[in-house]
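Heads up: the structure comes next, in structure tokens.
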Amino acid sequence: MRLLLIEDNVSLVELIAKGLASAGFEVDTAATLAGARDAIAEISYAALILDIGLPDGDGLSILREMRGRGEATPVLVLTARGGLRDRVTGLNDGADDYLVKPFAFEELIARIHALLRRPSDFLGKLRQAGNVAFDTMGRQMYVNERPQPLSARETALLELLIGRVGRVVPKSFVESHLFGQSEEIRSNAVEVYVHRLRKQLADLGATIEIHTIRGVGYLMTEAKA
Ligand code: CA
């Protein structure tokens, strides 16, 4: 499989290209946006590895152009900037995955294999409310841009509510989302998970709240300052 590595750091290019070749990939390289555009116009690559900081501009502009043309080639973005804001921008631009420099080479190979397995129309989305974000692809919660662990059911609950901020979610809907149909559900099971998630959010200093609307369901809102 043929990959295009778009990166201007010569020693990094040598290192990555050599490693990818020994992992069985064919690798073309481009050190500029212009070079990358020429390569993409000529060859249909299995995936792109894209550095953001290039001498003639922002690597993400290549991504926007490709997605604008409806090209779904998987793109792994390499960035020295690990901040959540850059992740949001990149995901909105249609990146499939990220790797923050410096990274372990094994990690790069693993991510590329995952990208090539993934249906190419599958793009992750980041949902945000207050200082909390949820990455629907990595199924990871961030509070103040730091990843925070949650159990599987707390994660499912957060995902459900953060996608519906300001709207009341019926309890029966939460129940069916959190528990399989065949599962025996105790009458207070949903409350238990709401209580746990609420406590974790409070402990982490999150600026979102989960309100119980008696007899109806649950409502997530951004906390008033
Ligand atoms: Ca660079």
Query raised in the report: If you place +1 on the Cβ of every Lys and Arg and -1 on the Cβ of every Asp and Glu, how big does the dipole about the Cα centre of the stretch 126-222 come out, in debye to the nearest 20?
Result: 140 debye
**Report entry** Along principal axes, Cα extents of the stretch 40-84, largest first, whole Å
**Finding:** 30, 21, 17
Report summary line: Sorted on mean Cβ neighbours within 10 Å (highest first), peptides 64-76, 142-154 come out as 64-76, 142-154
Report summary line: Given backbone amide H placed at 1.01 Å from N, residues whose amide H is under 5 Å from that of G217, ignoring those fewer than 5 places away on the same chain, are K171
Query raised in the report: Dipole of the chain (Lys/Arg Cβ +1, Asp/Glu Cβ -1, origin at the Cα centre): which of M1, T136, L99 lies farthest to the positive side?
Result: T136
**Report entry** Length-normalised contact order for the stretch 126-222 - Cα pairs under 8 Å, 6+ apart - percent
**Finding:** 32 percent
Query - Rounded to 10°, Cα long-axis angle of helix 33-42 versus longest principal axis of the chain - result: 80 degrees
Query raised in the report: Please state the relative contact order of the chain as a whole percent: Cα pairs under 8 Å, 6+ residues apart?
Result: 13 percent
Query - Estimated dipole of the stretch 2-117 in Debye, rounded to 20 [Cβ of Lys and Arg +1, of Asp and Glu -1, Cα centre] - result: 340 debye
Report summary line: When the chain is treated as a Gaussian network with springs between alpha carbons less than 10 Å apart, the largest mean-square fluctuation among L161, L63, L126 is found at L161
Report task. Return the distance in nm (one decimal) between the two label points of a simple spin-label model at L15 and S151, each offset 7 Å from Cα along Cα→Cβ. Result -> 4.1 nm
Query raised in the report: Stretched out fully, how many nm does the piece from K199 to E175 gain, at 0.36 nm a residue minus the Cα gap?
Result: 6.7 nm
Query raised in the report: Which three semi-axes in whole Å describe the equivalent ellipsoid of the chain, each the square root of 5 times a Cα gyration tensor eigenvalue, listed largest first?
Result: 41, 18, 15
Query - Pairwise label distance in nanometres, F105 with V165, each label 7 Å out on the Cα-Cβ vector - result: 4.2 nm
**Report entry** For the chain, size of Cβ-based charge dipole, Lys and Arg +1, Asp and Glu -1, in debye
**Finding:** 1100 debye
Report task. Please report, as a whole percent, how much of the solvent-accessible surface of the chain comes from carbon and sulfur atoms (probe radius 1.4 Å). Result -> 50 percent
Query raised in the report: What does the stretch 126-222 give for Rg and for Dmax, in Å, if only its C-alpha atoms count?
Result: 12.7, 37
Query raised in the report: What's the angle, to the nearest 10 degrees (0 to 90), between helix 152-162's Cα axis and the longest principal axis of the chain?
Result: 90 degrees
Query raised in the report: Heavy-atom accessible area per residue, the stretch 122-225, 1.4 Å probe: how many Å²?
Result: 58 Å²
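The values are calculated or read from the model by the stated rules, or taken from the named source; none is laboratory data. Everything numeric here is computed off the predicted structure, so don't read it as measured data. FYI the Cβ positions are ideal-geometry reconstructions off the backbone, even for glycines, and counts take in every protein chain you see. Ligands, DNA and RNA are stripped out before the accessible areas are found, and what is left, the full protein with its side chains, is counted by its heavy atoms. Shrake-Rupley method; radii C 1.70, N 1.55, O 1.52, S 1.80 Å.
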